[in-house]
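S.K.: Handing you this structure, nothing more for now.
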Amino acid sequence: MSIDVGSIAKGYAADCAAEVASSYGLTSFALDLGGNVKTVGEKPTGKWVIGIQNPDGGILKTVEVADQSVVTSGDYERYTVIDGETYSHIIDPETLYPANLYRSVTVICESSSLGDALSTSLFCMDVESGKALAEECGVEVLWVFEDGTTESFG
């Protein structure tokens, strides 16, 4: 038996790092752990502007946040190609095969740990089930589909 904490490791690390920085008196900062951004407070000019990456390159959209995390799980940075077919690193627990419903799922919420766990979980769920979970957890979500279209919730 083994345990893989990949679905929450960066989120947990971001939350811990923010806690340490705050304990030293920092009240306004953003931490970027690659696909996982944790903000505390605001910049002197206002909220933090965080870009959500387009899986095909560039910025898909920006969001303004303070005291929140913006966490994305996607198939475009960690994957493998076998016989010309691309496979995501996120394994669907139902099929035990790489999840392939979306290009990316971004969650916006206060806790990076929760955002990390949810972005990975939602990557493996259909949108309607995902919306129900997002509502239950009180988070915002952006799904990016294979054809580049998006759907938001929250």
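S.K.: Could you derive backbone 3J(HN,Hα) for the range 105-121 from the dihedral phi with the Karplus parameters 6.51, -1.76 and 1.60 (θ = phi - 60°), listing whole Hz in sequence and x where the residue is Gly or Pro?
M.R.: Each residue of the range 105-121 in turn: 9, 10, 10, 10, 7, 6, 8, 5, 4, 5, x, 5, 5, 5, 4, 5, 4 Hz.
S.K.: Determine ³J(HN,Hα), in whole Hz, for all residues of the range 61-76 in sequence, where each value follows from phi through the Karplus function 6.51 cos²θ - 1.76 cosθ + 1.60 and θ = phi - 60°; x replaces Gly and Pro.
M.R.: Residue by residue, the range 61-76 yields 6, 10, 10, 9, 9, 8, 6, 9, 10, 10, 10, 10, 10, x, 9, 9 Hz.
S.K.: Report the residue, chosen from PRO55, PRO93, PRO44, that carries the largest GNM mean-square fluctuation when the chain is represented by alpha-carbon nodes joined by springs under 10 Å.
M.R.: PRO44
S.K.: Follow-up. Can you work out ³J(HN,Hα) from phi for every residue in the range 126-131, in order, using Karplus 6.51 cos²θ - 1.76 cosθ + 1.60 and θ = phi - 60°, giving whole Hz and x for Gly and Pro?
M.R.: Result, rounded to whole Hz: 5, 4, 5, 5, x, 4.
S.K.: Right, next: Count charges around ILE50 for me, please; just the other residues with Cβ under 13 Å from its Cβ, Lys/Arg as +1, Asp/Glu as -1.
M.R.: Once positives and negatives cancel, what remains is -1.
S.K.: I would also like to ask the following. Using R₀ = 25 Å, calculate the FRET efficiency as 1/(1 + (r/R₀)^6) where r is the Cβ-Cβ separation of GLU128 and THR95; round to 0.05.
M.R.: 0.85
S.K.: How compact and how long is the range 25-77, expressed as Rg and Dmax of its alpha-carbon atoms in Å?
M.R.: Expressed in Å, the Cα Rg and Dmax of the range 25-77 come to 11.9, 39.
S.K.: Hey, another quick one. Out of ILE82, ILE50, ILE91, any idea which swings most in a Gaussian network model of the chain, alpha carbons joined below 10 Å?
M.R.: ILE82
S.K.: Less than 19 Å from a label point 7 Å out along the Cα-to-Cβ axis of ASP56: which backbone N atoms in the range 109-131 qualify, by residue?
M.R.: No residues fall inside that zone.
S.K.: Cross-link partners among lysines for LYS10, C-alpha distance below 18 Å, same-chain residues fewer than 8 apart left out?
M.R.: Straight-distance partners of LYS10: LYS38.
S.K.: For GLU151 paired with GLU77, estimate the spin-label separation in nm (one decimal), with each label point 7 Å from Cα along the Cα-to-Cβ line.
M.R.: 2.5
S.K.: Further question: Any chance you could look up the accessible area of LEU60 with a 1.4 Å probe, heavy atoms only, rounded to 10 Å²?
M.R.: For LEU60, solvent-accessible area is about 60 Å².
S.K.: OK, next. Determine the dipole magnitude for the range 54-154: charges of +1 sit on the beta-carbon of Lys and Arg, -1 on that of Asp and Glu, nothing else is charged, the reference point is the Cα centre, and the result goes in debye to the nearest 20.
M.R.: 180
S.K.: Of all alpha-carbon pairs in the chain, indicate the percentage at a distance above 22 angstrom.
M.R.: So the portion of pairs separated by more than 22 Å is 40 percent.
The values are calculated or read from the model by the stated rules, or taken from the named source; none is laboratory data. Nothing here was measured: the structure is a model prediction, and the numbers come from that model. Cβ atoms come from the backbone with ideal geometry, glycine included; neighbour counts cover every protein chain shown. Only protein heavy atoms, including side chains, enter the accessible area calculation; ligands, DNA and RNA are left aside. Shrake-Rupley method; radii C 1.70, N 1.55, O 1.52, S 1.80 Å.
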